[in-house]
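A quick write-up on the structure given underneath.
A short reminder: the numbers here are calculations on the coordinates, not readings from a lab. Treat the numbers as computed from the prediction; the structure is a model and nothing was measured. Cβ atoms come from the backbone with ideal geometry, glycine included; neighbour counts cover every protein chain shown.
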Amino acid sequence: MANVVLQLEPLTCPSCIKKIEIALGKEPGVRKARILFNTSKAKVEYDEKKVDIDQLVEKISKLGYAVLSQKQT
């Protein structure tokens, strides 16, 4: 399992967070996705054999949110 922290554009509502968490959670290989509202950071635990960071970023982008940076932990 791998972990990544994605810095998102500032999020303005709890429903935005829920929408992104649900979408990431449906991606094959994602074990856990949690977004911190006050920092707009998505912490994702995933199986790098099934999904990669670019796919996670693309999923978020398709929802209409920008990923500003990423950091593997």
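Among the GluC sites (Glu not before Pro) found in the chain, those both in a DSSP coil and sparsely packed, with 13 or fewer other Cβ atoms within 10 Å of their Cβ, are Glu48.
Here the contact order of the stretch 2-72, divided by its residue count and restricted to Cα pairs under 8 Å and six or more residues apart, works out to 46 percent. Against the longest alpha carbon principal axis of the chain, how many degrees, from 0 to 90 and to the nearest 10, is the axis of helix 14-25 turned? That works out to roughly 10 degrees. Let me know the number of lysine pairs in the chain closer than 16 Å at the Cα, not counting same-chain pairs under 8 apart. Lysine pair count for the chain: 26. Placing dummy labels 7 Å off each Cα toward the beta-carbon, the span from Thr39 to Val5 is 0.4 nm. For the chain, the alpha-carbon radius of gyration amounts to 0.97 times the rule-of-thumb value 2.2 N^0.38 Å expected for a compact globular protein.
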